[in-house]
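Please read the structure below before turning to the comments.
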Amino acid sequence: MTGFPRRTGFPRRRALVPCALALSGALALTACGSGSDDGEAGSGSGRTHTVKTAMGDVQVPVEPERVVVLDTAELDSALTLGVKPVGSTHVEAAEGFPDYLPKDEVAGIKDVGEMLNPNMEVIAGLEPDLILTSKVRHGAKYDQLKKIAPTVMTETTGHPWKENFQIHADALGKKPEAKKVVADYTAHAKKVTTALGGPAKAEATEVNVVRFVEGADIRVYGERTYIATILKDVGLGRAPLSEKAKDGFSYDLSPEKIDMADTDVIFRSTYGDPEKSKQTRTVSSGLWKNMKAVKSGNVHVVDDELWIQGIGYTAAAKILDELRADLTK
């Protein structure tokens with residue numbers, strides 16, 4: 001996805017807060033926060049607007065200059081809207097930021113730690129004026145985060161990514177840009193549907209998304225997931241098993257039951273080590289090799305960072321391109 005405005009630099013940084021750099025932990029962050037009534041750090045210019053979040057209304061700078069994001073969805077949103085964060089977390093199974101993001105856009109972003117355990121002292125040292133994350137990821141750390149900078153949390157991540165994107169856009173002061181992003185995505189999805197032969201033909205093609213996860217059972221993704229919304233936007237059919245997913249998230253299988261995931265087309269990804277995730281064992285088994293999707297050559301290996309972890313419009317645009325390429329061969 002191209003054509004979005006990008007920041008080429010940041011205005012003058014605010015003065016350093018010595019105590020936040022010298023001390024660590026929640027106590028130090030509390031001592032160094034601003035003296036605002038709700039305990040949140042204020043913006044440098046003082047010009048703020050209200051953003052509705054999972055933690056209540058939050059006063060956010062009208063034009064935030066130093067943004068820290070704590071998950072892949074927020075990183076995708078910021079870059080999609082032309083905002084380069086000063087800091088971001090990384091996911092546990094990878095180093096650095098997702099490979100699907102342009103190298104020049106992530107260059108210079110400070111890694112502030114693993115996603116579920118961000119380094120508060122490093123975050124404070126970046127002197128952010130806005131932090132973006134979700135309650136499901138960092139709700140327990142909200143009191144610490146809001147003393148560093150105004151913190152905008154969505155309730156969760158994944159399935160409500162489109163609604164979350166609008167909250168991110170509001171917090172970043174990029175609502176007009178967000179409208180164009182959504183319009184471009186909608187048009188893109190319609191073009192993919194047309195390329196697949198139209199709505200009826202797309203719906204007649206049943207698809208499963210299978211993810212091999214280190215330390216867990218094999219996941220067949222359900223209807224209340226990020227990737228499912230993209231498949232729905234294209235109009236692709238879903239195999240019946242996806243409707244049995246617990247809480248709409250995933251139906252979990254052992255390698256001995258992988259044939260339950262068989263359908264017209266399978267997209268598969270791997271999170272972590274192929275051996276430890278049972279991927280190697282499963283795809284070499286007779287059960288796997290006898291599945292109709294395998295026999296017909298309709299199993300497509302996809303990038304886990306892109307298809308599962310991206311959770312944003314830049315990732316979605318690339319997924320649409322891959323769907324078109326894989327299903328029109």
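Taking the range 253-301 as the range and being open to solvent by 60 Å² or more (accessible area, probe 1.4 Å) and within 26 Å of Lys329 (Cα to Cα) as the test, the residues that pass are Asp259, Met260, Ser284, Leu287, Lys289, Asn290, Lys292, Lys295, Ser296, Val301.
Do the conditions hold for Glu63, that is, is it touching a residue at least 60 places away in the same chain (Cβ under 8 Å), open to solvent by 50 Å² or more (accessible area, probe 1.4 Å) and assigned to a loop (DSSP other than H, G, I, E, B)? Against the criterion (touching a residue at least 60 places away in the same chain (Cβ under 8 Å), open to solvent by 50 Å² or more (accessible area, probe 1.4 Å) and assigned to a loop (DSSP other than H, G, I, E, B)), Glu63 qualifies.
If the condition is being crowded, with 24+ Cβ neighbours inside 10 Å and over 19 Å from Glu65 (Cβ atoms), then the range 148-159 contributes Met153, Thr154. The set of residues from the range 264-275 being out of contact with any helix residue (DSSP H, G or I) (no Cβ under 6 Å at 6 or more places or on another chain) and either farther than 21 Å from Asp303 by Cβ or assigned to a loop (DSSP other than H, G, I, E, B) (or both) comprises Asp264, Gly272, Asp273, Glu275. Of the helices (runs of 4 or more DSSP H) lying entirely inside the range 152-243, those carrying at least 3 residues that are of a type in the set (A, V, I, L, M, F, W, C) are 161-172, 175-195, 226-234. Is there a residue being part of a helix (DSSP H, G or I) and open to solvent by less than 20 Å² (accessible area, probe 1.4 Å) anywhere in the range 80-99? Among the residues of the range 80-99, at least one is part of a helix (DSSP H, G or I) and open to solvent by less than 20 Å² (accessible area, probe 1.4 Å), which makes the answer yes. Selection of the range 129-146 for residues being surrounded by fewer than 23 Cβ atoms within 10 Å (Cβ to Cβ) and of a type outside the set (A, V, I, L, M, F, W, C) yields Lys135, Arg137, His138, Gly139, Lys141, Tyr142, Asp143, Gln144, Lys146. Taking the range 207-250 as the range and being among the hydroxyl-bearing types (Ser, Thr, Tyr) and crowded, with 22+ Cβ neighbours inside 10 Å as the test, the residues that pass are Tyr221, Thr225, Tyr226, Ser242, Ser250.
When the range 110-121 is filtered for residues that are part of a loop (DSSP other than H, G, I, E, B) and in contact with a helix residue (DSSP H, G or I) (Cβ under 8 Å, 6 or more places away or on another chain), the ones remaining, listed by number, are Met115, Leu116.
The values are calculated or read from the model by the stated rules, or taken from the named source; none is laboratory data. All values derive from a computational prediction rather than experimental measurement. Quick reminder, even Gly has a Cβ in these numbers, built from the backbone with ideal geometry, and neighbours come from all protein chains shown. We work out accessible area using only protein heavy atoms, side chains counted, and drop any ligands, DNA or RNA first. Shrake-Rupley method; radii C 1.70, N 1.55, O 1.52, S 1.80 Å.
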